[in-house]
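Enquirer: Could you have a look at this structure, given as structure tokens, before my questions?
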Amino acid sequence: MAATTAHKHPNYMAIFWYLAALTVTELAVIFMPLPKLTIGVLLVALALGKAAMVAMYFMHLRFETRTLGLIAVTPLVIATLLVFVVLPDGFAVDHQTAVKKPAAHAPAKH
């Protein structure tokens with residue numbers, strides 16, 4: 001006797017409305033009188049939530065084995081680590097370029 005593992009299909013319209021609500025929330029966050037860092041963190045968190053919902057329901061990862069889910073999450077972990085590895089280089093910019101020396105004038109040709 002073969003066991004079938006059929007999964008329940010998600011309510012795609014409900015997922016659509018959740019994603020639409022998250023998008024409206026993102027638009028509201030942009031216009032809030034908050035510090036830019038706070039707005040950035042909120043937008044990233046909302047985007048990660050939306051990406052997780054798309055992956056879980058539209059890519060059907062919620063119904064797959066745990067191994068396939070880990071394979072899907074691995075690039076996100078690697079990308080996050082890459083950002084934190086490269087981030088210090090962005091703060092190590094030499095700010096002495098703000099003081100510009102006047103350009104040497106070429107002798108006038110007659």
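Enquirer: Between residue 36 and residue 79, 0.36 nm times their residue separation minus their Cα-Cα distance comes to what?
Expert: On the way: separation 43, 0.36 × 43 = 15.48 nm, distance 2.26 nm.
Gain on stretching residue 36 to residue 79: 13.2 nm.
Enquirer: Once you place label points 7 Å from the Cα toward the Cβ at residue 68 and residue 25, how far apart are they in nm?
Expert: 2.7
Every number here is computed from the coordinates shown, using simple stated rules; none is lab data. Small disclaimer: the values here were computed from a predicted structure and weren't measured. So basically every Cβ, Gly included, is an ideal-geometry build from the backbone, and we count neighbours across all protein chains shown.
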